[in-house]
Amino acid sequence: MKFLSDKAKQYLVLLIKILVVCSAFYYIYSQLSNDKTLDFEALLQVASNQENYFSIFLLLCLTFSNRFIEILKWQNLSSLIRPISIGQATKQVLSALTLGIFTPNGIGEYAGKALYFDKKDTSKVIFLNMVCNGVQVIYAIIFGLMGLSILNQFHQIIPNRYLLITYGVIAVVLTLLFSIRHFTIKGYSLQTVLNLLNEIPKHKHRKNLLLAFLRYVSFTHQYVILYYLFKVDIPYFQLLCAISAIYLIASSLPNFQFLEFAVKGSIAMFIFTALGVNQWIVALVATLIWLLNIVLPISIGSYFVLTFRIKSKKT
């Protein structure tokens, strides 16, 4: 009977893995087949121009570094549970990305990484993943608000009073959180989280902060290079501010990863239209970013999902 149960479990896991991978690739296919902005002739023209070779090479390097830095971030923090190699960290990050594609704001990534650790470490994996992603969110908020505020001085994207309201709300929320940090719900409080953060060695925090900053730089400059490849004539500093603002607004909205390119694309159109950029270019850049940062890693992550094996229970 136990043999049948184990067999049934193996077939169920295999079925789930196949469904996840097939769903991921069907989603990619459906998005590409319906995407009217993906003009392959225009892409070929840009790629065949020798003047663009260095920029394209730099774009590919940033695409690699964007995901590789995320892998290094996870290797750095997960070592607090047990040391893992670059290869193991790669497998965990890309598998989790694939599993998280159909969940709101990539929540499935937390469960995806937890599968690679003992059950007793699940809560610690989730917490460390929150730390890993949380630093990235903090950079998005800081640089995004700075970018939006500076950009608003050159182009009236939103009324200044809305920016002041936003800063006021943030100040109130932070003050409130600090004042009720000892308030407990089911045994947990903000102070509990702060205590857990203090238990992480400072050198781990410093490394996480540095890697998160480098990842932010990699990601934003992918946009910069693509817009310049398509001959967008906006000063570098203003372009960087616009990209930071887009990343902030898109990150603050609840969305599914498989809708991320559409969300960021629509926000980019709103901001870049105010800057006089052709909407076709904005949509094309959003699609290319999605292909480089989501589709490519998911294609690799799908292999890791298919080859994943659940640890057998110790008797």
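Keeping all protein chains in place, calculate the accessible area per residue for the stretch 207-250 (probe 1.4 angstrom), answer in Å².
Values: 1650 Å² over 44 residues.
Solvent-accessible surface per residue comes out at 37 Å².
Determine the dipole magnitude for the stretch 60-159: charges of +1 sit on the beta-carbon of Lys and Arg, -1 on that of Asp and Glu, nothing else is charged, the reference point is the Cα centre, and the result goes in debye to the nearest 20.
Details: 8 positive and 4 negative charges, 54 e Å.
The dipole magnitude comes to about 260 debye.
In terms of solvent-accessible area of protein heavy atoms at a 1.4 angstrom probe, what is the ranking of 302, 48, highest value first?
Values: 302 5, 48 75 Å².
Ranked from most to least accessible, the order is 48, 302.
Tell me whether the stretch 109-238 comes out rounded, prolate or oblate; compute the Cα gyration tensor, take square roots of the eigenvalues as a ≥ b ≥ c, and use a/c under 1.5 as the rounded threshold.
Working: a/c = 2.83, a/b = 1.46, b/c = 1.94.
Taking the square roots of the gyration eigenvalues as a ≥ b ≥ c, the stretch 109-238 is oblate.
The values are calculated or read from the model by the stated rules, or taken from the named source; none is laboratory data. Because the structure is a prediction, the values reported are computed rather than measured. So basically every Cβ, Gly included, is an ideal-geometry build from the backbone, and we count neighbours across all protein chains shown. The accessibility values were calculated without ligands, DNA or RNA, using every heavy atom of the protein model including side chains. Shrake-Rupley method; radii C 1.70, N 1.55, O 1.52, S 1.80 Å.
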